[in-house]
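Since the structure comes first, as structure tokens, the remarks are kept for the end.
The values are calculated or read from the model by the stated rules, or taken from the named source; none is laboratory data. Owing to the predicted nature of the structure, the values given are computational and were not obtained by experimental measurement. We place every Cβ from the backbone using ideal geometry, glycine too, and count neighbours over all the protein chains shown.
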Amino acid sequence: MRRAGFRSRTQINPIYVATLNVQGLATADRLIELQHALHSIKVDIIALTELRWRGIGSLELTDSEYRFYFAGPQDSKGTSGTGFFVSRRFLKQAQVLRFEQICERISVLDVSLGRKTLRLFAAYAPPKTGEDDKDQDAYDQFLTNLAQPLLCDLSGSTLPLQGVYRALLGDFNAKVGCQETNERSMGRHGFGHRNDRGEELVNFCEKHHLRIFNSYFKKRPGRKWTWRSNDHRTKNEIDYFIGPQDYTVIKDVCVVSGFNFHSDHRLLRARLDFHQPRKAHQQCTNRSEQTTAVRQARQTINKDLFRFAIEQLTTDLPSSDSPLEVQYGALVHHLQEAAEISKEIQTSESRLSDSTLQLLDRRRVMKINPTARGTIEYTELCKLVRKKIRIDLHAHRLRLVNEAVQRGASLKKICGETTIGKHRLTQLRQDDGTICTTTKDLQGIIEAFYNALYASTAKVTFQRRPADDLCPPFLIEEVRKALDQMKPGKTPGNDRVTVEMLQLGREKLLPYLTRLFNICLDKKMVPESMPNSSTILIHKKGDPLQLQNYRPISLLSVIYKLLTKVINNRVEGVLDNVQPPEQAGFRRHYSTIDHIYTVNELVERCHEYRIPLFMLFIDFKKAFDSVEFNA
């Protein structure tokens, strides 16, 4: 039995939350520079300020361990925005519930930690412009915008927020200095002197029962200041980690001095401990090594080893008398097991050259040990680093395109690999005009929209027609031909079986697949889990807040698609022969060029013979998904 008060060793590693003023992150070279700087730093969530990024959204960054949430102004004349970097490794034990922009200088991120919720505010206070009255009004408005969402639910409710841990992170452009008499918001370990804005910030914290946790942990002066002037002489503490006074989960707050990123601000990091049970995936103790592995390594299949594993595993497949679901489940399990046995790590080539990496190391040394002479050299070195990163990114794109051309791969896929990242859906506009930002509400809106779209509105009576003849069973050659027609490199379905797996093990799998398909044909049914799919939404055009501007893509099982392709090969020729010549759409060997040529020819002839011409163009809403027919 464990003694009372004894902390179990089976606890998760602490959660590291940080903040940084990046002074611009709107270009690819700055994003790459920040991701490279994070390789050797323990950070789960980092609040970013002064992004200079337009719009609101989220990106799954390419070849990165981080997901990027950003919230900026809609036009380029607005103030700089805020956002978050969230580690994908951290998202294995947590879930982002909401990302929302409070105003152009404040954004909020809700993260679920089991029964607890971590609510983080990224704040960027307006800097001083020299006009005292306008500066005062701007700062007062900033604190007003910050107060309501911090102390209440984001929906406006004033009820107590049970299980919600709130924290303010960011650049507050204020110097709070050291603790004064009877101040509970300040600790004994302040830094520097207090200015007028610092007095306002302390009064704000006193009023709302908050603590500036920078001042509660004793650190040497070199680990306290967060901003340095261009002459490297003036050093102030203006970035803070602020939370309610009753918080005991905050174990440390300090500056990371060796963070190799070009900004006159330094990374401020806090350590939070929620005492939750350890997850099975958290067995890696070196986070920097794990981060580098995620970024630079990709899993591939050893072809020879996979074929050998398939030969060994397929000897234990169920017989044809077993239930259909059992046969399909055993096949999927054996394919997954063979893929796990034969997987190997393929190290991808870094987008940064060796010379650029050497310049980054040189800059890191100069940043730690600045000198009067080195100030100019450091500035010029930062410019050179950014230039070299842009050159490396351009060379990386050319290298990928050249490799794609040599192996005959799709250039469209290469474009996806060279982009900054893939966009994620973070908000939608509801019918009443309100903006929905929570994951639960987004799922509800999407489900209601497609349920209404696919609901039956036409009275189509199903009439079963007797078959003229029996459908002959599928042949192995039919399945082989259909498998050869399938293109590799496609995203798998829920069963994680890829086209490459089936093609590599075809000699052993074809008899079993043919038998499985024939059983489906005889029983006129498929395994219950086979047609299950995951749906992703891709933005087509127009307002990204409108759900109808997204195209749904269903990720089906490859085995299920193979079965439908075998059936399609049988009926395709028959269907094409009975189509009239006027029907040019949705048929093989017909393209848009044929329609354009026909329309142009018709217009020319009518104009030549002075014949009136009437044309009707119809854009059917979800034409492929909403047509009902008797089948």
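Can you confirm whether region 327-345 contains a residue that is modelled with pLDDT under 85, farther than 30 Å from residue 218 by Cα and not aliphatic (A, V, I, L, M)?
As a first pass, look at region 327-345 and keep what is modelled with pLDDT under 85: 344-345.
Those left that are additionally farther than 30 Å from residue 218 by Cα: 344-345.
Within this subset, residues satisfying the condition of being not aliphatic (A, V, I, L, M) are 344.
Yes, region 327-345 contains a residue that is modelled with pLDDT under 85, farther than 30 Å from residue 218 by Cα and not aliphatic (A, V, I, L, M).
On the given criteria, is residue 261 touching a residue at least 60 places away in the same chain (Cβ under 8 Å), part of a loop (DSSP other than H, G, I, E, B) and in contact with a strand residue (DSSP E or B) (Cβ under 9 Å, 6 or more places away or on another chain)? Can you show your working first?
Values: touching a residue at least 60 places away in the same chain (Cβ under 8 Å): yes; part of a loop (DSSP other than H, G, I, E, B): yes; in contact with a strand residue (DSSP E or B) (Cβ under 9 Å, 6 or more places away or on another chain): yes.
Answer is yes for this residue.
Only residues that are in a strand (DSSP E or B) and aliphatic (A, V, I, L, M) were counted across region 180-218, and they come to 2. Total residues in region 86-108 satisfying the condition of being in contact with a Lys or Arg (Cβ under 7 Å, 6 or more places away or on another chain) and closer than 22 Å to residue 143 by Cα: the figure is 1.
Among the residues of region 63-76, those that are buried (at least 23 other Cβ atoms within 10 Å of the Cβ) and in a strand (DSSP E or B) comprise 66, 68, 69, 70, 71.
Quick grid of which residues meet (1) modelled with pLDDT of 90 or more; (2) more than 28 Å from residue 128 (Cβ to Cβ):
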residue	(1), (2)
32	yes, yes
50	yes, no
66	yes, yes
92	no, yes
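Does region 98-107 include one or more residues that are outside any strand (DSSP E or B) and touching a Ser or Thr at 6+ places or on another chain (Cβ under 7 Å)? Yes, some residue in region 98-107 is outside any strand (DSSP E or B) and touching a Ser or Thr at 6+ places or on another chain (Cβ under 7 Å). One residue stands out in region 1-30 among those that are part of a strand (DSSP E or B), among the polar types (S, T, N, Q) and at pLDDT 85 or above: the one that is farthest from the chain's Cα centre (by Cα), namely 21.
Only residues that are exposed (fewer than 15 other Cβ atoms within 10 Å of the Cβ) and polar (S, T, N, Q) were counted in region 173-197, giving 2.
The lone criterion from (1) closer than 30 Å to residue 367 by Cβ; (2) among the β-branched types (Val, Ile, Thr); (3) not in a strand (DSSP E or B) left unmet by residue 242 is number (3). One residue stands out among those in region 133-153 that are under 19 Å from residue 211 (Cβ atoms) and either modelled with pLDDT of 90 or more or among the aromatic types (Phe, Trp, Tyr) (or both): the one that is surrounded by the most Cβ atoms within 10 Å (Cβ to Cβ), which is 146.
Of all residues being small (Gly, Ala, Ser) and over 17 Å from residue 510 (Cα atoms) in region 433-488, which is modelled with the lowest pLDDT? Just the residue, please.
Narrowing region 433-488 to residues small (Gly, Ala, Ser): 433, 444, 448, 452, 455-456, 458, 467, 482.
Pick out the ones that are also over 17 Å from residue 510 (Cα atoms) and you get 433, 444, 448, 452, 455-456, 458, 467.
Details: 433: 83, 444: 89, 448: 87, 452: 81, 455: 75, 456: 71, 458: 67, 467: 63.
Looking at the filtered set, the residue picked out is 467.
The condition (being basic (Lys, Arg), within 16 Å of residue 342 (Cβ to Cβ) and free of Cβ contacts under 8 Å to residues at least 60 places away in the same chain) is satisfied by just one residue among 496, 506, 480: 506.
Checking the structure you have, find out if any residue of region 87-105 is touching a residue at least 40 places away in the same chain (Cβ under 8 Å), of a type in the set (Lys, Arg) and within 20 Å of residue 269 (Cβ to Cβ). Break it down stepwise before answering.
Step one: of region 87-105, the residues touching a residue at least 40 places away in the same chain (Cβ under 8 Å) are 87-90, 92-93, 95-103, 105.
Retained after the next criterion (residues that are of a type in the set (Lys, Arg)): 88-89, 92, 98, 105.
Filter once more, so that each one left must be within 20 Å of residue 269 (Cβ to Cβ): 88-89.
For region 87-105, residues touching a residue at least 40 places away in the same chain (Cβ under 8 Å), of a type in the set (Lys, Arg) and within 20 Å of residue 269 (Cβ to Cβ): present.
Here's the yes/no breakdown for (1) over 30 Å from residue 472 (Cα atoms); (2) in contact with a strand residue (DSSP E or B) (Cβ under 6 Å, 6 or more places away or on another chain):
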residue: 498; (1), (2): no, no
residue: 543; (1), (2): yes, no
residue: 549; (1), (2): yes, no
residue: 553; (1), (2): yes, yes
residue: 574; (1), (2): no, no
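Among the residues of region 134-148, is there at least one that is within 26 Å of residue 536 (Cβ to Cβ), in contact (Cβ under 8 Å) with a residue 12 or more places away in the chain, not basic (Lys, Arg) and not in a strand (DSSP E or B)? Scanning region 134-148 turns up no residue that is within 26 Å of residue 536 (Cβ to Cβ), in contact (Cβ under 8 Å) with a residue 12 or more places away in the chain, not basic (Lys, Arg) and not in a strand (DSSP E or B). Residues that are closer than 22 Å to residue 499 by Cα, among the β-branched types (Val, Ile, Thr) and not in a helix (DSSP H, G or I) within region 317-349 comprise just one, 345. Report yes if residue 214 is in contact with a strand residue (DSSP E or B) (Cβ under 6 Å, 6 or more places away or on another chain), crowded, with 19+ Cβ neighbours inside 10 Å and farther than 24 Å from residue 272 by Cβ, otherwise no. In short, no. Is region 194-217 home to any residue that is more than 18 Å from residue 247 (Cβ to Cβ) and touching a Cys at 6+ places or on another chain (Cβ under 6 Å)? There is no residue in region 194-217 that is more than 18 Å from residue 247 (Cβ to Cβ) and touching a Cys at 6+ places or on another chain (Cβ under 6 Å).
This table checks each residue for (1) in contact (Cβ under 8 Å) with a residue 40 or more places away in the chain; (2) under 37 Å from the mean Cα position of the chain (by Cα); (3) not assigned by TED's automatic domain parsing to the domain that holds residue 123.
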site: 166; (1), (2), (3): yes, yes, no
site: 192; (1), (2), (3): yes, no, no
site: 195; (1), (2), (3): no, no, no
site: 198; (1), (2), (3): no, yes, no
site: 203; (1), (2), (3): no, no, no
site: 212; (1), (2), (3): no, yes, no
site: 225; (1), (2), (3): yes, yes, no
site: 241; (1), (2), (3): yes, yes, no
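Does region 562-574 contain at least one residue that is outside the structural domain of residue 472 (by TED's automatic domain parsing), part of a helix (DSSP H, G or I) and either among the aromatic types (Phe, Trp, Tyr) or under 21 Å from residue 329 (Cα atoms) (or both)? Among the residues of region 562-574, not one is outside the structural domain of residue 472 (by TED's automatic domain parsing), part of a helix (DSSP H, G or I) and either among the aromatic types (Phe, Trp, Tyr) or under 21 Å from residue 329 (Cα atoms) (or both), which makes the answer no.
Can you confirm whether residue 598 is surrounded by 12 or more Cβ atoms within 10 Å (Cβ to Cβ) and not assigned by TED's automatic domain parsing to the domain that holds residue 442? Talk me through it step by step, then tell me what you get.
Values: surrounded by 12 or more Cβ atoms within 10 Å (Cβ to Cβ): yes; not assigned by TED's automatic domain parsing to the domain that holds residue 442: yes.
So residue 598 fits the description; yes.
Examine region 51-62 for a residue that is in contact with a Gly (Cβ under 7 Å, 6 or more places away or on another chain), outside any loop (DSSP other than H, G, I, E, B) and buried (at least 18 other Cβ atoms within 10 Å of the Cβ), and state whether such a residue exists. Yes. Among residues of region 348-370 that are closer than 16 Å to residue 380 by Cβ and touching a residue at least 24 places away in the same chain (Cβ under 8 Å), those with a Cβ under 6 angstrom from a residue that is of a type in the set (Asp, Glu) and surrounded by 11 or more Cβ atoms within 10 Å (Cβ to Cβ), sequence gap 6+ or separate chain, pair up as 356/392.
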